[in-house]
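The values are calculated or read from the model by the stated rules, or taken from the named source; none is laboratory data. Note that the structure is predicted; figures quoted are calculated from it, not measured. No Cβ is skipped: glycine too gets one built from the backbone with ideal geometry, and neighbour counts run over all protein chains shown. Ligands, DNA and RNA are excluded from the accessible area calculation, which covers all protein heavy atoms including side chains. Shrake-Rupley method; radii C 1.70, N 1.55, O 1.52, S 1.80 Å.
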2 protein chains.
Amino acid sequence: MTAADSATTTADAPARRGRPGYDRDGILAVAVQLFNEQGYDATSVSDLARRLGLAKSALYHHFSSKEELLSVALEAALGGLEAVLDDPRASAGAASDRLRFVLTGATDVLVAQLPSVTLLLRVRGNGPVEQAALERRRVFDHRVTDLVAAAQAEGDVRDDVDAAVAARLLFGMINSVVEWYRPGGGVDGGRLGADIVRIALDGLRTS
Amino acid sequence: MTAADSATTTADAPARRGRPGYDRDGILAVAVQLFNEQGYDATSVSDLARRLGLAKSALYHHFSSKEELLSVALEAALGGLEAVLDDPRASAGAASDRLRFVLTGATDVLVAQLPSVTLLLRVRGNGPVEQAALERRRVFDHRVTDLVAAAQAEGDVRDDVDAAVAARLLFGMINSVVEWYRPGGGVDGGRLGADIVRIALDGLRTS
């Protein structure tokens with residue numbers, strides 16, 4: 001984008017605040033927002049360029065394709081979630097403590113990276129980028145199931161719920177946060193991980 | 001559909017099993033499946049007629065519009081969920097027992113009416129039918145929140161989790177079932193309500 005472009009923009013469309021200032025992360029953020037709004041498949045590069053107020057050529061200067069935007073966004077979400085499982089606190093100690101760490105950590109990743117995790121959770125497997133993301137989700141789910149099973153084997157988690165079912169329900173609760181949590185909307189995102197652990201591990205019942 | 005139509009169908013397209021036999025419920029079931037597959041907005045009456053192997057006129061004999069199909073499907077889901085809250089077991093007795101009944105009952109509705117609840121959970125508020133469904137979901141959520149708050153006030157449910165957050169997380173867990181549960185897929189749908197109550201009220205921890 002040239003200085004002349006910026007000047008024209010400011011004169012023609014004052015409502016497009018910050019238009020000249022997009023770097024790679026800024027473009028990615030707008031792309032993920034647009035994918036979440038109208039669906040990845042239904043969003044064209046032209047749609048994105050229009051939303052950004054950029055020429056397609058300026059967009060291609062930063063990202064080679066729509067698939068690259070998807071890939072980078074899903075990597076942010078999956079990499080963040082996998083980092084929780086790869087943390088030493090998820091691999092050493094009592095399995096129930098590790099499970100507690102993973103539930104809290106995953107919730108924190110979700111709250112911190114709400115748009116990219118939202119995108120990840122809507123992936124249905126169209127194309128190789130989505131297929132690869134689904135495969136990483138499957139591996140993640142299996143690792144959580146193994147952790148629940150380990151906590152059951154150690155006697156700290158009830159074994160009258162199937163480990164795979166428990167893992168799916170626990171992450172169902174965590175993932176539901178993308179449906180209703182909005183930063184600044186009255187719910188403290190920093191507490192959600194602890195709330196989920198209270199419900200899932202300790203239980204809501206007092207007696 | 002006439003007997004002559006049926007005979008022609010059988011001769012021309014033997015792979016379309018049951019094609020002549022669509023009644024209102026059969027058409028609705030196929031419509032909900034198609035809406036879930038490709039999105040309600042993206043599905044035309046022509047798409048649906050093609051999937052059913054029916055002429056559009058035959059379809060209009062049963063349903064006046066695509067909106068009527070949506071409305072009837074959402075009514076099945078919402079009506080089923082609301083019936084749980086309207087059951088005497090949800091309104092008399094200790095609030096924690098009522099909450100237990102509602103969590104189990106809602107899960108059972110979801111398992112029994114998986115396609116229509118899936119459709120309901122994807123509604124985003126486009127148009128009056130979806131707006132009305134969202135409003136009924138909001139009322140439902142408020143009633144569940146009130147139930148959690150009542151159980152907290154009676155001292156049977158921990159009050160260090162906000163009642164509205166707890167209600168959302170509980171139904172996040174329940175609603176997640178549409179994402180992964182498939183009838184005949186190895187998980188006993190009839191157990192899920194009990195599993196969810198075990199996790200949410202009793203907690204996974206044994207100690």
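Which loop-located trypsin sites (Lys or Arg not before Pro) does the range B:122-155 contain, where loop means any DSSP state but H, G, I, E or B and the Cβ has at most 15 other Cβ atoms within 10 Å? Hits after loop and neighbour filter: B:ARG124. Between identical copies, the spacing of A:ASP23 label points, each set 7 Å from Cα toward the C-beta atom, reads 6.5 nm from nearest to farthest. Computed over chain B, the per-residue total of -39500 (n - 2.57) for DSSP H runs of n ≥ 4 gives a 222 nm mean residue ellipticity of -21500 deg cm²/dmol, rounded to 500. Per-residue shielding of B:186-193, expressed as the average number of other chain Cβ atoms within 10 Å of the residue Cβ, stands at 2.
Residues of the range A:167-182 that lose at least 10 Å² of accessible area (1.4 Å probe, protein heavy atoms only) when the other protein chains are present, relative to their chain alone, are A:ARG168, A:LEU169, A:LEU170, A:GLY172, A:MET173, A:SER176, A:GLU179, A:TRP180. Using the Cβ-Cβ distance between B:TRP180 and A:ALA55 with R0 set to 35 Å, the FRET efficiency from 1/(1 + (r/R0)^6) comes to roughly 0.25.
The residues of chain A have, on average, 47 Å² of accessible surface per residue, using a 1.4 Å probe with all protein chains present. Across peptide A:149-162, the average count of Cβ atoms from other chains found within 10 Å of a residue's Cβ is 3. A full extension of the chain between A:VAL45 and A:GLU68 corresponds to an added length of 7.1 nm, given 0.36 nm per residue minus the alpha carbon distance. The C-alpha atoms of chain B define a longest principal axis, and helix B:127-153 lies at about 20 degrees to it.
Counting 0.36 nm for each residue step from A:THR206 to A:ASN126 and taking away their Cα separation leaves a gain of 24.3 nm.
In this structure B:SER71 has an accessible area near 50 Å², from a 1.4 Å probe over the protein heavy atoms. Working note: Cα gyration tensor of the protein assembly as shown, eigenvalues times five, square-rooted, sorted largest first, giving semi-axes of 36, 34, 21 Å. Relative to the longest principal axis of the Cα atoms of chain A, the long axis of helix A:95-112 lies at roughly 20 degrees.
Only lysines eight or more places from B:LYS66 in sequence, or on another chain, were considered; those with a Cα closer than 24 Å are B:LYS56.
Run through every distinct alpha carbon pair of chain A and return the Kirkwood hydrodynamic radius in angstroms, one decimal place.
Its Kirkwood hydrodynamic radius stands at 19.1 Å.
Considering the options A:ALA31, A:LEU119, A:ALA166, tell which one lies farthest towards the positive end of the dipole of chain A, charges being +1 on Lys and Arg and -1 on Asp and Glu at the Cβ, about the Cα centre. Result: A:ALA31, furthest along the dipole toward the positive end.
Label-to-label distances for B:SER46 across copies, nearest first, come out at 2.1 nm, using points 7 Å from Cα in the beta-carbon direction. Less than 5 angstrom separates the built amide H of B:VAL157 from those of A:THR206, B:GLN152, all sequence-distant by 5 or more or on a different chain.
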